[in-house]
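Presented below is the structure to which this report refers.
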Amino acid sequence: MATRQEPTENRIATLLLLSRGREPSWSRLRPPRAVKEDPKVVVKKRRSEASSSSQPPSPRRIAAYLWIVATCLKILLFPSYRSTDFLVHRHWKAVTRNLPRTEWYHDDRHVDTVHTLDYPPGFALFVEYVFANNPIANIFCNYYDTDCLALWDDPDVEANIRPQCVAFLRSTVIVSDAVWFLAAYVAASLGIKRGFNLRLFALLIFHPALLWLDHVHFQYNGLVNGILLLSLCCLAKANNVPPGSSSSSSGLHVIATALFALLLTLKHLYMTCGLWYIVYLVRRYVVDNNKYPSLSRLLGLAVVFGTVIVTPFSFFVSI
């Protein structure tokens, strides 16, 4: 069988290229020989490429995962020990559900009890009344357990408490913990260079003292401590504002003052922090870098603080 021969000019051109140390065109078209690589090196390259291409989860997603884990842990604590504070808060919810506001602080006129309402009006309105009079509470008390939030004398309470009532009241504590989760997220996000501090966030939301006091002993410390932490975060954020951005710093100081005033309407125990707030705000906000105190700033803080304090009391005075 005859073979096809290359033209003479092609062979001459190939010889000239070889003589000059260059490869002819037909050799350039050949694919390079495959070099065998070590399998361990290939695996390392693939892992590095996968790690570089995959982005780390966002802080919000991590916070959501931890919130789910913490909620499941709190649900598992439903059958645990409960103190007399459980009876106290159950009675306060029954008072705000069954009596008019003028009788909330005189509930012993209607039942024989020692668990009289002794928290400020903000706690009675924004915590007890809200959790006892929302649509979910109405459905639960009308169809599942009519005795859960009924007014009972102290000797008759234990005989009328059912497991579903315990689960309902413990669920209100879990819902109120949303304020603590928000405050923990804000506190963990304050770092400018480090970004989201996952360790701080996890330590705050899984704090053993809060788990014991709120979800075993039965209280609402996560709610009030969350408001306090949010107020402190506003003050800390105001310290990181550049000197030229005075308006942003002023807004943060005002928000911190309003949150602290709201905290005092919820639990009067935090009045012990009042002197610290006064000294700090006067030094960092009213005076700051000025030679003399700013009267307008001082009056502004006084108006905000007084308005938030008086608002819960107005619900009882206006009746």
Checklist entry - Take the residues of the stretch 63-89 that are of a type in the set (Val, Ile, Thr) and open to solvent by less than 40 Å² (accessible area, probe 1.4 Å): which is nearest to residue 199 (Cα to Cα)? => result 71
Item to check | Considering residues of the stretch 133-145 that are more than 13 Å from residue 163 (Cα to Cα) and not hydrophobic (A, V, I, L, M, F, W, C) only, the residue most open to solvent (accessible area, probe 1.4 Å) | outcome: 143
Checklist outcome for this item: The condition of being at pLDDT below 90 and within 23 Å of residue 188 (Cα to Cα) holds, among 314, 248, only for 248
Checklist entry - Are any residues in the stretch 68-89 closer than 20 Å to residue 118 by Cβ and more than 26 Å from the chain's Cα centre (by Cα), and if so, which ones? => result 83, 84, 87, 88
Checklist entry - Among the residues of the stretch 101-115, is any within 20 Å of residue 158 (Cβ to Cβ) and among the polar types (S, T, N, Q)? => result yes
Next on the checklist: Just the residues that are open to solvent by less than 80 Å² (accessible area, probe 1.4 Å) and either farther than 30 Å from residue 128 by Cα or assigned to a loop (DSSP other than H, G, I, E, B) (or both), please, taken from the stretch 262-289.
Outcome noted: 267, 280, 281, 282, 285, 286, 287, 288
Checklist entry - Can we say residue 152 is modelled with pLDDT under 95, open to solvent by 10 Å² or more (accessible area, probe 1.4 Å) and aromatic (Phe, Trp, Tyr)? => result yes
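The values are calculated or read from the model by the stated rules, or taken from the named source; none is laboratory data. Only a predicted model underlies this, so the values are computations on that prediction, with no experimental measurement involved. Every residue, glycine among them, receives a Cβ derived from its backbone with ideal geometry; neighbour counts consider all protein chains shown. Side chains included, ligands, DNA and RNA excluded: accessible areas come from the protein's heavy atoms. Shrake-Rupley method; radii C 1.70, N 1.55, O 1.52, S 1.80 Å.
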